[in-house]
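Student: Here it is: the structure, laid out below.
Quick note: the coordinates plus some simple rules give every number you see, no bench work behind them. All figures in this text were calculated on a predicted structure; none of them were measured in a lab. Heads up, the Cβs are rebuilt from the backbone with ideal geometry, glycines too, and the neighbour counts pull from every protein chain shown.
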Amino acid sequence: MLQKPRGTRDFLPDEMARRRAAEAKMREAVARWGYGEVCTPTFEDVELFTIRSGENIKKEMYTFEDKGNRQMTLRPEVTASVARMYVNEGRSLPKPLRWFYVADCFRYERPQKGRYRQFWQFGVELIGADSASADAEVVMVADDLLRSVGLEYDLKVGFLAPMKHLLSGIEPGLQRQVMGLLDKRDFEGLAGCLQTCGQDELEDALTGLVSCRAPEEAFEICGEIPEKTRIEEIFSILDGSETEYTLNFGIVRGLDYYTGMVFEGFAPNLGAESQVVGGGNYRLAKLFGGDDAASCGFAIGFDRVMVSLGETPMPRPPLVAVLSQPGLLAVAFRTARALRAAGVTAELNLLDRGIGAQLSHAAKTADFACIIGQRESEAGTVTLKDLHTGEQREMSLSEAVAGVKAVGDR
Ligand code: HAM
C-alpha cells in the first residue's frame, strides 16, 4: 500500500470543516483591520530564501532543479515571497500596505506532533510604515486573530536591540550562537560558550536581560541605545490598548532577517512544539532590489492552532438522503434539486439498492430520509422520515423543506 510522504497529512471532511471554520474566523478578523489577501507562488528561486533567512532554514529547504536547470525551492515561509512581490508589484501602491496570506510551507524537519514537513501559515505583512504604532498594530492583529478562534496562549514581545548592543563586540557567527542559546534558555550552554570566547563578563548582563519585565530594567543593563524611544513607545501603546503580553528581551527568532521588535506566542496545552505565532520587524525589500521599506509581520502556525483547539464537534446543516423506488430516479433527482434550491443539503442514493437497504444506509449518514415511492410520485408528495426519532409523514415538498430547516444545525 502506498503511503503519504513523511511529515505530511491527509485531512478527512470533518477535519477540513473544522480547519475551514477556524480559517474563516481569522479571515473575518483580519479583514476588520483592513488587510487584503495576497497569494505568491508555491515555489521560488532558491536565492530568495538563501539571501537573508539564515542557516536554519537553508538546511530544511526542499530544493530541486527544474527542467531548465534552475535551482528552485518549495517555500519554507512566505515573508520573503511577499517582500519580493512588493518589490515586483507593490512599490507604487499607497503605503502602508496591509497584506495577509494563508499558504502551505515546506520544511524538511524531523516530524512530530505539531511539527510537519508541509504545514499552513496564516500570515500578515505590514509594509512601508516605520513607526511604533505599526509595530504595535501587528502584535494586536496577531492577538486578535488567535483570540478570534478562542485559542488560549501566552504572548511574548521583545526587541532585539538591547541584546545586539550587548553582543556588538563579538563576531557575528558567535553572536548567532549566543543568541540561539539564550532563545532556548540554555544558560549552562551560554556560560560555556561565553567562557570559550573570553566574554564571561557578559553572562550576568545577558541572563539579566532575559528576566527584565520593564523596558527601563533593560536600559539599566544595556545602557542608552538609539532604539530606546521606539521601544518605550511600542510597549506604552500595547499597555494602553490593554493587550495581554509579557515583555521578553530574550526572544531571538529562528529566522535571521529580524531587525527590531520581535514577538512569539505559545499555547500552553501543546508539548514541545508550542509556538503558535512568530513575527517582528524586517527590511527585506532593499535586499531584493527595492526601496528600504520598513516592514513588520507575523505568521501563525495554523496546524498548531488546530491541535491546540482540539477536536470540537462542528455543527453542520441537516443532511437529507433522497431515496426512491426503482424507476423513480428522475423524480428523485428533481426532488433533490428542488431541496438544494431551497437551501437544504440533499444527497441521492447512487447504488443499486432496494428501499430497505437505502434506508439503513441513510440511518448511518443522514438526518432525514426523503422517500419517494409510487404513491408519492403520483401525488407529488414525499415521505419525510426523521432518522433520529423515527417519526415519518407524507407531506408536500415545501412542508418537508420547512420541517428540515426547523431542526437547525446538528
Ligand atoms: P516562523 O517562526 O519560522 O516564522 O514560523 C511561524 C510559525 O509557523 C511558527 O510559530 C509555528 O507555529 C509554525 N511552524 C513553523 N514550522 C512549522 C512546522 N514544521 N510544522 C508546523 N508548524 C510550523 C516565519 O515563518 C516568519 N515568516 C514569520 C513572519 C512573518 N515574520 C515576519 N512576517
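Student: Work out which helices of the chain, taken as complete DSSP H runs, extend at least 20 Å along their axis over the Cα atoms and score a mean Kyte-Doolittle of -0.5 or more, then list them.
Tutor: 132-148
Student: Jot down the per residue volume, in cubic angstrom and as a whole number, of the convex hull over the alpha-carbon atoms of the range 22-91.
Tutor: Output value, Cα hull per residue: 130 Å³.
Student: Taking a ≥ b ≥ c as the square roots of the eigenvalues of the Cα gyration tensor of the range 320-409, is the shape rounded (a/c under 1.5), prolate (a/b larger than b/c) or oblate?
Tutor: rounded
Student: At 222 nm, what helix-only mean residue ellipticity would the chain give, in deg cm²/dmol to the nearest 500, using -39500 (n - 2.57) for each DSSP H run of four or more?
Tutor: Taken over the chain, the calculation gives -11500 deg cm²/dmol.
Student: Counting only other residues whose beta carbon sits under 13 Å from that of Pro162, what net charge do I get with K and R as +1, D and E as -1?
Tutor: Overall, the nearby charge balance is -3.
Student: According to the Kirkwood expression over distinct Cα-Cα pairs, how big is the hydrodynamic radius of the range 229-336, in Å?
Tutor: In the range 229-336 this quantity evaluates to 18.8 Å.
Student: Another question about this same structure. Around Pro318, with a cut-off of 11 angstrom between Cβ atoms, what is the net charge of the other residues, counting Lys and Arg +1 and Asp and Glu -1?
Tutor: Its environment carries a net charge of 0.
Student: Hey, another quick one. Stokes-Einstein diffusion coefficient for the chain at 4 °C in a medium of 1.567 mPa s, Rh from the Kirkwood formula over Cα pairs: what value in µm²/s?
Tutor: D, rounded to a whole number, is 52 µm²/s.
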